[in-house]
1. Assuming R0 = 22 Å, can you tell me the calculated FRET efficiency for the pair residue 87 and residue 36, based on Cβ-Cβ distance, to the nearest 0.05?
2. If you rank 18, 56, 88 by fewest surrounding Cβ atoms within 10 Å, what's the result?
3. Just checking my list (1) 28; (2) 12; (3) 46 against percent of Cα pairs over 24 Å apart computed from this structure; which label fits?
4. Determine the gain in length on full extension of the stretch residue 70-residue 22; use 0.36 nm per residue of separation and subtract their C-alpha separation, reporting nm with one decimal.
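No value in this document is a laboratory result; all are computed from the given coordinates. Model, not experiment: these values are computed from the prediction. Here the Cβ positions follow ideal geometry from the backbone for every residue, glycine too, while neighbour counts run over all protein chains shown.
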């Protein structure tokens, strides 16, 4: 779980130029990019929802990425549209 902001949210409303960041992912790592629809639910704490997604994803670290996405979407609120992209770095060897 990345705990450091890499820049402003991709809303299209930022007037300032975007900086660039670089992050090296270890072999076998999975990068999840998602919209707020995956973690926002009325009456729940956003940080708790993000933690729940991170915990669920960590439990599926060795599952195929399509299965990982299916499980995350199955447990997501159905009140908003969701975009989810999972990229897995191949393991060494």
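1. Details: r = 19 Å, r/R0 = 0.88.
Step by step, r from the Cβ atoms, then E = 0.70.
2. 18, 56, 88
3. Evaluating percent of Cα pairs over 24 Å apart on these atoms matches (1).
4. Taking residue 70 through residue 22 to full extension adds about 14.5 nm, to one decimal.
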